[in-house]
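Working notes, beginning with the structure itself.
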Amino acid sequence: MIRREDVYRIGKLGKAHGIKGEVSMMFDDDIFDRMDAEYLVLDIDGIMVPFFMEEYRFKSQETVLVKFEGVDTQERAKELTGTEVFFPRELANEDESDVLRYAQLVGFTVINATDGEAIGEISAVDEQTVNIMFELSDGRLIPASEELIADIDTGKKTITMIIPNGILEL
């Protein structure tokens, strides 16, 4: 069974494309292409389900058209519209580019570098604007600026940050 903490979000499925089961996917991280992944994990009614890819092709820098095994009709592809797409952390850790993506930090606990106190868990990363933000599980936002990140421990799933005064009260 795939657990949510064993994957991280890389995108979301859009509309069906054509009549043979292709579906568009808007992605934040192209790890599936860099790692030549065989499958992606979809959140189907709260259950993490692996979907094996037959093929995919890039439509733009943020969108790919994916053909999943067993999804052979436009109707079946339409059923997947809006589904969140995840990638296994274990496979991402094999990425030799040695680049940790912000999306991989979802689920990590933020530690205040000043006092060592846990601030909260990263529930999402907002990359829609120039200023990337970590969204904590309680709804607070913290700038995901590299200058504020003191340390990342992937083993303990913690990120130690220098938190500016007053930022947590916004």
Being open to solvent by less than 50 Å² (accessible area, probe 1.4 Å), touching a helix residue (DSSP H, G or I) at 6+ places or on another chain (Cβ under 8 Å) and closer than 14 Å to T81 by Cα is the filter here, so list the residues in the stretch 10-33 that pass it. A16, G18, G21, E22, V23
As an exercise: evaluate G155 against (1) more than 15 Å from the chain's Cα centre (by Cα); (2) buried (at least 16 other Cβ atoms within 10 Å of the Cβ); (3) among the small types (G, A, S) and give the number of the one condition it does not meet. (2)
Taking the stretch 80-107 and the residues there that are more than 15 Å from the chain's Cα centre (by Cα) and open to solvent by 60 Å² or more (accessible area, probe 1.4 Å), the one that is modelled with the lowest pLDDT would be E96
So which of E147, E135 is closer than 15 Å to R9 by Cα and not β-branched (V, I, T)? E135
Only listed residue being under 26 Å from M161 (Cβ atoms), open to solvent by less than 40 Å² (accessible area, probe 1.4 Å), in a strand (DSSP E or B) and free of Cβ contacts under 8 Å to residues at least 60 places away in the same chain, chosen from V110, V41: V110
Expected single match for out of contact with any Asp or Glu (no Cβ under 9 Å at 6 or more places or on another chain), closer than 20 Å to D6 by Cβ, open to solvent by 20 Å² or more (accessible area, probe 1.4 Å) and part of a loop (DSSP other than H, G, I, E, B) among D36, D72 is D36
Within the stretch 119-141, is there a residue that is of a type in the set (A, V, I, L, M), open to solvent by 70 Å² or more (accessible area, probe 1.4 Å) and without any contact (Cβ under 8 Å) to a residue 24 or more places away in the chain? yes
Unmet requirement for D115, which otherwise passes all of (1) touching a residue at least 12 places away in the same chain (Cβ under 8 Å); (2) exposed (fewer than 14 other Cβ atoms within 10 Å of the Cβ); (3) under 24 Å from L148 (Cα atoms): (1)
Is the stretch 45-53 home to any residue that is open to solvent by 70 Å² or more (accessible area, probe 1.4 Å), closer than 19 Å to D126 by Cα and among the aliphatic types (A, V, I, L, M)? no
Would the stretch 161-170 turn up any residue that is part of a strand (DSSP E or B), in contact with a strand residue (DSSP E or B) (Cβ under 8 Å, 6 or more places away or on another chain) and surrounded by fewer than 18 Cβ atoms within 10 Å (Cβ to Cβ)? no
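The values are calculated or read from the model by the stated rules, or taken from the named source; none is laboratory data. All figures in this text were calculated on a predicted structure; none of them were measured in a lab. Neighbour counts are summed over all protein chains in view; Cβ atoms, including those assigned to glycine, are modelled from backbone coordinates with ideal geometry. In case anyone asks, the SASA skips ligands and DNA or RNA and just uses the protein heavy atoms, side chains included. Shrake-Rupley method; radii C 1.70, N 1.55, O 1.52, S 1.80 Å.
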